[in-house]
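**Student:** Quick one: the structure is below, questions incoming.
Only the coordinates and a few stated rules stand behind these numbers; no lab work does. Only a predicted model underlies this, so the values are computations on that prediction, with no experimental measurement involved. Here the Cβ is made from the backbone with ideal geometry for all residues, glycine too, and neighbour counts use every protein chain on show.
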Amino acid sequence: MRQSIPAWIRIPVFFLLIVGVLEYFIDSGDNYAFIEFPLLSAVLVVILLFLIAAEAILNAIENVMFQALTPEAKERYMRAQQERIKKYDLKRIYRKLAGTRPISEEKELELDHNYDGIKELDNKLPPWWLYSFYASIVFAAGYLAYYHLWDGENQVAEFEKEMLAAKIQVEEYKKTAPDLVNAENVVLLTEAAELKKGETIYQTNCMACHAPDGGGGIGPNLTDEHWILGGGIKNVFHTVSEGGRAGKGMIAWKSSLKPAEIQQVASYVLSLQGTSPANPKDAEGDIWTE
Ligand code: HEC
């Protein structure tokens, strides 16, 4: 192993292997483990230094052993070494991949026609190009079979699947997200379905004090344009969420209703504006204008 692969390949490959294994086994969430745990980076640096040191020591041992060889053995060893170095010579690898031949061999490539001194060379296609091309043909066959013979998922189907998954995620998020709606960003809902939900919440929680039609009882009349704590969706949302003045009997509903529900019931309350309840309580507070 060590004999045939040079150090400049061996050390990085070995090091990356270690990093990869650590990344795989250490649970570091979305981040890389060595970023999440700075100590790990330090350990990795030590490992790298250790690898280099081990390399140096092995080299030194090799040197000592080399000195102990007979002259013929030294000769043989050197030749083998040379062969090995040649195999991993970057320039040689590049030339092989590019398929170029040195200028000195140009004569062999020349085609036998000559147009007023313009000659043509018959260069072979560069191997990297040729093999990529073959690979693309193989890939195309697989692609064709997967999508057109076996009915693989096309873009539209993939898109729809992802949208569906995203929709489920959004619903999940909405279930647990506490502060999507608050007194600052709340808007008045006008859709019948939302107001219907608001009405249900109102009839369950609020009508005992504000009367089923909002006319008022223990709590103030919610149908007139007078407001103690301010009208408009933002104020009403705030009152329902945080409660009325201390000791007046209107509790903070944020502990039992979700923000979205408070928005619904507040919108429903405001939809009662201008209706005529059966037993309206006298107006309290000031006339509200935005
Ligand atoms: C236990 C009785 C009681 C219940 C139940 C109750 N309220 Fe009230 N509500 C009151 C009282 C009392 C006030 C006046 C608070 C104050 O003066 O500070 C009030 C005030 C309000 C106001 C402010 C009115 C204004 O003039 O500024 C709104 C809006 C309101 N309630 C909505 C609701 C809604 C919506 C519910 C149901 C989720 C609800 N209330 C449930 C007793 C109640």
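**Student:** Calculate, in nm to one decimal, what Ser132 and Ala157 gain on full extension: separation in residues at 0.36 nm each, minus their alpha carbon distance.
**Tutor:** Extra length available between Ser132 and Ala157 comes to 6.0 nm.
**Student:** Give me, ordered by chain and number, the residues 5 or more places off Gly219 or on other chains with an amide H under 5 Å from its own placed amide H.
**Tutor:** His210
**Student:** Further, regarding this structure: Hey, with R₀ at 51 Å, roughly what FRET efficiency would Leu17 and His113 work out to, going by the Cβ-Cβ distance, to 0.05?
**Tutor:** FRET efficiency, Leu17 to His113: 0.40.
**Student:** Something else: At q = 0.11, 0.12, 0.25 Å⁻¹, what is the log10 ratio I(q)/I(0) for region 7-88, with the Debye formula run over Cα points and no solvent?
**Tutor:** -0.48, -0.54, -1.18
**Student:** Starting from region 75-172, pick out the GluC sites (Glu not before Pro) whose DSSP state is loop and whose Cβ has at most 14 other Cβ atoms within 10 Å.
**Tutor:** Answer by residue number: Glu153.
**Student:** Let me ask something else about it. Work out the length of the dipole vector of the chain about its Cα centre, built from +1 on the beta-carbon of each Lys and Arg and -1 on the beta-carbon of each Asp and Glu, and round it to the nearest 20 debye.
**Tutor:** 1480 debye
**Student:** With N denoting the number of residues in region 192-287, provide Rg(C-alpha) divided by 2.2 N^0.38 Å, to two decimal places.
**Tutor:** That works out to 0.96 for region 192-287.
**Student:** Would you mind giving the average projected area, over all directions, of the Cα convex hull of region 61-184 in nm² with one decimal?
**Tutor:** Its average projected convex-hull area is 24.3 nm².
**Student:** Using a 7 Å offset from the Cα along the Cα-to-Cβ direction at both Ile52 and Ile9, what is the distance between the two label points in nm, to one decimal?
**Tutor:** 2.2 nm
**Student:** Let me know the longest stretch in the chain that avoids all trypsin sites (Lys or Arg not before Pro) found in a DSSP loop with at most 14 other C-beta atoms within 10 Å.
**Tutor:** Formally, the longest exposed-site-free interval is 3-123.
**Student:** Using a Debye calculation, one point per C-alpha and no hydration shell, please list log10 I(q)/I(0) for the chain at q = 0.09 Å⁻¹ in order.
**Tutor:** Log10 of I(q)/I(0), two decimals: -0.79.
**Student:** A further question on this structure: I want to verify a result. In a Gaussian network model of the chain, Cα cutoff 10 Å, which of these has the top mean-square fluctuation: Phe133, Phe66, Phe159?
**Tutor:** Of the options given, Phe66 has the highest mean-square fluctuation.
**Student:** Next question. With point charges of +1 on the Cβ of Lys and Arg and -1 on the Cβ of Asp and Glu, referenced to the Cα centre of the chain, which listed residue (Asn123, Ala145, Tyr24) lies farthest in the positive direction of the dipole?
**Tutor:** Checking the options against the dipole of the chain, the answer is Asn123.
**Student:** To the nearest 20 debye, what charge dipole does region 201-290 have about its Cα centre, counting +1 at the Cβ of each Lys and Arg and -1 at the Cβ of each Asp and Glu?
**Tutor:** 360 debye
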